[in-house]
Amino acid sequence: MATKSRATKRKLPWYLRPFKWLLWFILLSVLWVLVYAVVPPPVTFTMLADSNGITKDWTGLSRIDRNMVRAVIAAEDGKFCSHDGFDREAIEQAIERNAKGKKLRGGSTVSQQTAKNVFLWQGSGWTRYVRKVPEIWFTFLIEKIWGKRRIMEVYLNVAETGIGTYGVEAGAQRYFGHGAGKLTPAEAARLAAILPLPKKREAVSPSGFTRRYGNTIRARIGAVRRDGLDACVYQ
């Protein structure tokens, strides 16, 4: 009876249990991020949910052509080196645009996309909004623990680049027949152009919007190089 009484006294009150769960979440998430700071993420929830299978080949940033990094910055996140993980101006513009009833468009940075791709799920509808809270937390963690170079390296290895294809190495092999270390500015721009809709866009002989968008990214690569917008990745 005495043992049972002591166990009852040690039991946490119901209103404190959420704080205990929150503490566990914080500890485990920090540990998760620390591990992936040095270990390549073996698989993601997006990959596991892909019925088309998984083709990927982890490639260190030093073996990925700098044109690819510049193309991603030009297409996805021009302020990658200057923000803390969140582009507040882009977020405000996205909110304003969505409030007007126009086509939904996010203001996610490369850091946010990396946090989502590695630790969370894609989602749609209300699940997309539920995801935003942990996405903010994981974005904060990778910015503080990983730094810009690691964020870009992981992003380029987990981003979907085609049907059942993940990472720019597998994407380069799929579309151009060679590795990501030999990408030309035009090829890098085409890969970056399909990132928002990798299942619907093709990097080889693109047409319509994808072709025009790729040409725009190709032109912006020069600006990224000239203005040093990729400097934080190579410091």
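The values are calculated or read from the model by the stated rules, or taken from the named source; none is laboratory data. Keep in mind that what you see is a predicted model, and the values were worked out from it rather than measured. Counting neighbours? That spans all protein chains shown, and the Cβs are built from the backbone with ideal geometry, glycine included. Surface accessibility is based on the protein's heavy atoms, side chains included, excluding ligands, DNA and RNA. Shrake-Rupley method; radii C 1.70, N 1.55, O 1.52, S 1.80 Å.
Matching residues to (1) in contact with a Gly (Cβ under 7 Å, 6 or more places away or on another chain); (2) basic (K, R); (3) at pLDDT 95 or above:
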residue: R174; (1), (2), (3): yes, yes, yes
residue: E187; (1), (2), (3): no, no, yes
residue: P198; (1), (2), (3): yes, no, no
residue: A219; (1), (2), (3): no, no, yes
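Within the range 110-122, the set of residues being assigned to a helix (DSSP H, G or I) and at pLDDT below 90 is empty. Filtering the range 187-207 to residues that are open to solvent by 40 Å² or more (accessible area, probe 1.4 Å) and over 22 Å from the mean Cα position of the chain (by Cα) leaves V204, S205, S207. Of all residues in the range 27-40, exactly one satisfies the criterion of being open to solvent by less than 10 Å² (accessible area, probe 1.4 Å) and either among the hydrophobic types (A, V, I, L, M, F, W, C) or closer than 11 Å to N157 by Cβ (or both), namely V33.
Residues in the range 159-169 that are open to solvent by 10 Å² or more (accessible area, probe 1.4 Å) and either assigned to a helix (DSSP H, G or I) or of a type outside the set (A, V, I, L, M, F, W, C) (or both): E160, E169. Looking only at the range 176-201, residues that are more than 22 Å from V43 (Cα to Cα) and in a helix (DSSP H, G or I) come to 10 in all. Residues that are of a type in the set (A, V, I, L, M, F, W, C) and farther than 16 Å from L195 by Cα were ranked within the range 55-83; the one that is surrounded by the fewest Cβ atoms within 10 Å (Cβ to Cβ) is W58. Of G101, G107, all but one fail to be open to solvent by less than 40 Å² (accessible area, probe 1.4 Å), modelled with pLDDT under 75 and farther than 16 Å from V30 by Cβ; the exception is G107.
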